[in-house]
């Protein structure tokens with residue numbers, strides 16, 4: 001009796017440790033199950049994400065300050081050079097833009113002739129990437145814009161050169177986006193030259209996508225530009241994704257071994273653009289019509 | 001008995017927030033896989049020293065926060081942290097008298113278990129990541145443990161003795 005008492009009053013004994021640990025273990029399993037099945041836990045995640053936002057801003061601050069400081073102490077020469085370069089770029093792109101409006105008008109006219117649906121231009125907004133590291137097991141970035149600003153799950157993220165990825169989880173002020181190079185990411189593309197449709201899978205390397213679904217006799221060659229086909233509904237069509245790098249045809253295999261290099265510099269961007277796809281607005285409108 | 005004076009929550013909270021910040025801090029891609037798991041190390045330390053106030057419950061809450069900052073499955077880090085904290089608390093009297101080298105080896109084993117749990121959950125959820133993102137943090141975590149331990153112990157001693 002005395003022995004049990006002294007054991008119980010042992011200052012090192014933590015009451016009900018095993019039971020608590022077991023309960024929490026079950027709770028985490030339940031959480032993971034719910035989170036994986038469907039996004040049942042978005043409210044929980046959003047609340048914690050809002051609580052974490054100040055920490056994220058704090059972590060992001062040094063690199064933001066450095067960038068600001070860099071802007072301030074940049075020498076006049078450098079600014080002049082950058083200004084010249086940008087002016088040249090504008091001069092080069094302006095004629096193309098003029099052409100673009102003419103082409104767009106022509107396209108609309110032709111589509112009208114074919115009775116095809118008009119394409120509505122997508123709305124685009126520039127977003128900064130926060131300098132915080134996220135998921136160590138995936139290729140992901142944190143965007144400085146959240147559901148408060150209308151960001152939604154599955155939204156396409158692009159930069160000046162092409163598709164970067166898509167939004168995976170939205171918090172109130174921030175959003176996590178997954179890059180197209182993540183091994184769990186697949187994206188519906190077509191070859192710009194001939195419209196051949198296929199799927200581009202991420203490999204876990206920033207500079208390589210795999211296209212495993214192409215038969216040996218497929219009309220594809222190195223240098224072909226892959227653009228989004230818009231078929232999955234996630235990405236709007238016609239944005240550049242990657243350039244085919246190598247095509248290896250092994251006679252006894254059913255499929256060719258095709259790799260491509262993403263057009264966008266996935267690991268170097270600091271600012272990206274979010275696309276509010278017009279198709280999604282159509283869907284919302286259609287849903288609203290259904291509800292009525 | 002001043003040595004056993006309860007530690008206020010502030011130092012623990014501060015270290016956990018700092019650990020979260022270090023977890024989020026941007027690193028070059030080449031070494032990002034070798035980022036030590038700061039939150040796990042900090043939780044092992046507190047579970048070792050003040051297991052009465054900070055054990056599985058605190059580890060679980062910290063884990064949920066890590067899950068949200070990392071964008072992993074909600075509950076993934078919580079489960080792993082909870083498991084290693086449970087083992088640490090269970091054997092904290094034994095581990096306290098370990099010489100530093102042996103303690104470091106134990107921490108290495110705990111971190112390995114931690115990463116294995118993460119790996120296992122990733123496998124069930126269908127996330128495949130390069131192997132280095134699992135063993136990298138174990139290696140650097142065990143390397144950083146001795147200096148971290150002596151620094152934190154000194155800090156804890158100061159807080160406890162009221163300086």
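Read the figures in this text as sums done on the coordinates, not as results from a lab. As the structure is a computational prediction, the values presented were derived from the model and not from experiment. Here the Cβ positions follow ideal geometry from the backbone for every residue, glycine too, while neighbour counts run over all protein chains shown.
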Report, in deg cm²/dmol and to the nearest 500, the calculated mean residue ellipticity at 222 nm for chain B, where each DSSP H run with n ≥ 4 adds -39500 (n - 2.57) and the sum is divided by the residue count. -24500 deg cm²/dmol
Span per principal axis, largest first, for the Cα atoms of the range B:64-109 (Å): 37, 18, 13
Fraction of alpha-carbon pairs over 15 Å apart in the range A:68-165 - percent: 79
Rank these for me by crowding, B:21, A:168, going from fewest to most other beta carbons within 10 Å. B:21, A:168
For the range A:210-261 and the range B:36-93, what is the separation of their Cα centres, given in Å? 44
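Ranking B:54, A:201, B:157 by Cβ neighbours within 10 Å, fewest first, what do you get?
Lowest count first: B:157, A:201, B:54.
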Estimated translational D of the range A:122-292 in µm²/s (Stokes, Kirkwood radius over Cα pairs; 10 °C; 1.306 mPa s): 96
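Please compute one quarter of the surface area of the Cα convex hull for the protein assembly as shown and express it in square nanometres.
31.6
For residue A:102 and residue B:18, FRET efficiency with R0 = 56 Å and r from the beta-carbon atoms, rounded to 0.05?
0.45
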Based only on the alpha carbon positions, what is the Kirkwood hydrodynamic radius of the range A:17-71, in angstrom? 14.2
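I'd like the projected area of chain B, averaged over all directions, using the convex hull of its alpha carbons. Report it in nm² with one decimal.
That works out to 9.4 nm².
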